[in-house]
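Reading through the structure tokens given below for one structure.
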Amino acid sequence: MILEVVKYGHPALRQKGARVEKMTPDLEKLIADMFETMYAAKGVGLAAQQVGRALQLTVLDVRGATERPSTLELDGKEADVLAFMPLVLLNPEVKGAGDSLAASEGCLSFPEIYADITRPGLADVRATNQKGAEIAFRCGGLLARAIQHELDHLNGILFIDRMARADKDELKPQLNELQASTKAALKAKK
């Protein structure tokens, strides 16, 4: 089922996610619905907060992003990123590594808004997958950027919080309009 992706101004986007302690049928359904929602929106990552759930859960799939390659290392050896997708991360711990790089980012909760965001070029990731197995890997390229972006969501941080002041000032009219329409829609639902 395709879920509503909440937009900037929705309080769920600022909530830190609760740890996921065990896999349940409801959680399995949420993961399946999040993948369906992400694919329908043509995204590469989606955090639970973006569908109104404050959990330490994100789904990712970079297979369709051929113009922005990714790298993956498992146990210190190069691995096939595509074979590792789609990816579910529960309770992820991420450490940035390598040189910081600026690259364009967008967000499904901020339609048609993009800006260059500086992040470490590599990410060391530890998490649990949907089967309850511990996974650990190092990634680079788009996958590293997407994971760091989604980790921010899990902690209530938005990509606009990482924008250069000049970019944020330039986008201020669009951001204000999006926030106001989201809040008006939420008020209308009450």
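Computed from the coordinates by the stated procedures, all read-outs in this text should not be read as laboratory data. Predicted model, so just to flag it, every value in this text is computed and none were measured. Every residue, glycine among them, receives a Cβ derived from its backbone with ideal geometry; neighbour counts consider all protein chains shown.
Descriptive notes on the structure:
- The stretch 11-189 - Rg over Rh from alpha carbon coordinates, Kirkwood radius: 0.96
- As a rough footprinting exposure proxy, the listed residues 104, 181, 70, 109 were ranked by other beta carbons within 10 Å of their own, and the order from fewest upward is 104, 181, 70, 109.
- Likely footprinting exposure, 1, 163, 23, 34, fewest C-beta neighbours within 10 Å first: 1, 23, 163, 34
- Pairs over the 28 Å Cα-Cα cut-off, from the set 16/190; 42/77; 16/183; 16/189: 42/77.
- 5 Å binning of all Cα-Cα separations within the stretch 12-102, expressed as whole percents from 0 upward: 3, 11, 20, 22, 20, 15, 7, 1, 0
- Put simply, the amide H of residue 116, placed in the peptide plane, has neighbours under 5 Å in 105, leaving out anything fewer than 5 places away on its chain.
- Helix-only mean residue ellipticity at 222 nm for the chain, each DSSP H run of n ≥ 4 adding -39500 (n - 2.57), per residue, nearest 500: -10000 deg cm²/dmol
- Across the chain, C-alpha contacts under 8 Å between residues 6 or more apart give a mean separation that, scaled by the residue count, equals a relative contact order of 26 percent.
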